[in-house]
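J.: My questions will all concern the structure given below.
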Amino acid sequence: MEKLWKRRRTKGFLLLTLLVPIISAILLAFLQNHTGVFGGLGSNLPMLMLSLFTFALLPLFLFMTAVDSFSGEVAARTLKLVLVRPISRTKVFASKVLAIAVYLAVHLGVLWIASAVSGWMVPGGEMAGGVLDSVKAYAASFVPMMAIGLIVVFIAQCFSSTTGAMATAIFIYAAAKLFPFVFPQFAVWSVFSYTNWYVLWVGNGMSMNTLLNTSVLLLSYCIIVYTAGWLLFDRKQL
């Protein structure tokens, strides 16, 4: 975990997560003051930012982090140094996944704080407006994002270079996003279609049965892909 936080890319991603809501709030305030449009969007800024990040930026951050943690260390031959220590591969794999999970949680926390404060600074924004819904939405978004991160962890086990693993992860993500337009029924079973799963938790419109079923589906994805990734990591020849 310490190795992940020392990377410049990790710090750069967190800085970007902090700056995007601030810049967005400045642009919204400018447009409101000079054109009169986009009024009242300050209170919705946390949800707007979550939509942007869960669709594109967070998956990209997870791809790079997961690939660097596995394929990157294989390419740099630093993973061998870790595995010669008196620690099982199971613990090494679990610690790497845990670091990615903590990294994701920190990202979401920083994004929520930056978006909520920035939205309050926009004219017409309310600090207390929709806070509970936004907190639920950010917490709920952790599950599908982590499931996608674990899928990339699995993919990374199949490559010894970061370029191949990264290209494959991006291709699979893009294809999975486009495939439901051809076969709509595919979206029900694809974890990539649940990047906006947090929408179901906003308000009181969705039944508890639906939330339970989708929760079980996403948690099942996490368990299956984690187990598959661990098996490949445990049997990897370095």
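J.: Which values, in whole Å and largest first, are the semi-axes of the equivalent ellipsoid of region 83-168 obtained as the square root of 5 times each eigenvalue of the Cα gyration tensor?
T.: The three semi-axes for region 83-168 are 36, 15, 11 Å.
J.: Report the relative contact order of region 75-202, percent, no decimals, based on alpha-carbon pairs under 8 angstrom and at least 6 residues apart.
T.: 28 percent
J.: Leaving out ligands, DNA and RNA, what percent of the accessible area of the chain is carbon and sulfur, probe 1.4 Å?
T.: The computed percentage sits at 72.
J.: Taking the Kirkwood radius as the inverse of the mean 1/r across Cα pairs, report the Rg/Rh of the chain.
T.: Rg divided by Rh gives 1.01.
J.: Specify whether the C-alpha gyration tensor of region 162-238 places it in the rounded, prolate or oblate class, a ≥ b ≥ c being the square roots of the eigenvalues: rounded for a/c under 1.5, otherwise prolate if a/b is larger than b/c and oblate if not. Show your work: numbers first, answer last.
T.: Values: a/c = 2.75, a/b = 1.57, b/c = 1.75.
Oblate, since a/c reaches 1.5 and b/c is not below a/b.
J.: Taking only C-alpha pairs under 8 Å that are 6+ residues apart, what is the relative contact order of the chain in percent? The partial results should precede the final answer.
T.: On the way: 257 pairs, mean separation 66.5, N = 238.
Here the relative contact order equals 28 percent.
J.: With every protein chain kept in place and ligands, DNA and RNA left out, what is the accessible area per residue of the chain? Probe 1.4 Å, answer in Å².
T.: For the chain, the solvent-accessible area averages 52 Å² per residue.
J.: By accessible area of protein heavy atoms, probe 1.4 Å, what ranking do 234, 68 get, highest first? Each step should come with its number before you reach the end.
T.: On the way: 234 70, 68 35 Å².
Of 234, 68, the descending order of accessible area is 234, 68.
J.: On full extension of the chain, what length is gained from residue 102 through residue 183, given 0.36 nm per residue of separation minus the C-alpha to C-alpha distance? Can you show the working numbers first?
T.: Working: separation 81, 0.36 × 81 = 29.16 nm, distance 3.46 nm.
Extending this stretch completely gives an extra 25.7 nm.
J.: Also: For residue 87, what is the net charge nearby, where nearby means another residue's Cβ is under 14 Å from its Cβ and Lys, Arg count +1, Asp, Glu -1?
T.: +4
J.: Between residue 48 and residue 87, how high is the FRET efficiency from 1/(1 + (r/R0)^6) when r is the Cβ-Cβ distance and R₀ = 45 Å? Nearest 0.05.
T.: 0.55
J.: Once the convex hull of the C-alpha atoms of region 52-116 is built, how many Å³ does it hold per residue, rounded to a whole number?
T.: Expressed per residue, the convex hull around the Cα atoms of region 52-116 is 84 Å³.
J.: I'd like the Karplus ³J(HN,Hα) series for region 93-100: coefficients 6.51, -1.76, 1.60, θ = phi - 60°, whole numbers in Hz, and an x wherever there's a Gly or Pro.
T.: Taking θ as phi minus 60°, the curve returns 4, 5, 5, 5, 5, 4, 4, 5 Hz for region 93-100.
J.: So if each residue of separation counts as 0.36 nm, and I subtract the Cα-Cα distance between residue 231 and residue 172, what length gain in nm does that give?
T.: Working: separation 59, 0.36 × 59 = 21.24 nm, distance 2.11 nm.
Residue separation times 0.36 nm, minus the Cα-Cα distance, leaves 19.1 nm.
J.: Can you check what the net charge comes to around residue 234, using other residues whose Cβ is under 12 Å from the Cβ of residue 234 (Lys, Arg +1; Asp, Glu -1)?
T.: So the environment of residue 234 carries a net charge of +4.
J.: Separation between the residue 202 and residue 56 pseudo-spin-labels, each 7 Å from Cα along Cα→Cβ, expressed in nm?
T.: 1.8 nm
J.: Moving on. Report the paramagnetic label zone for residue 8: residues of region 162-178 whose backbone N is under 20 Å from a point 7 Å from Cα along the Cα-to-Cβ axis.
T.: 162-163
J.: For residue 177, give me every one of the lysines with a C-alpha distance below 26 angstrom, ignoring sequence neighbours fewer than eight places off in its own chain.
T.: Answer for residue 177, where 26 Å is the Cα cut-off: 136, listed by chain and number.
The values are calculated or read from the model by the stated rules, or taken from the named source; none is laboratory data. Treat the numbers as computed from the prediction; the structure is a model and nothing was measured. Every residue, glycine as well, gets a Cβ built from its backbone with ideal geometry; the counts of neighbours run over all protein chains shown. Ligands, DNA and RNA are excluded from the accessible area calculation, which covers all protein heavy atoms including side chains. Shrake-Rupley method; radii C 1.70, N 1.55, O 1.52, S 1.80 Å.
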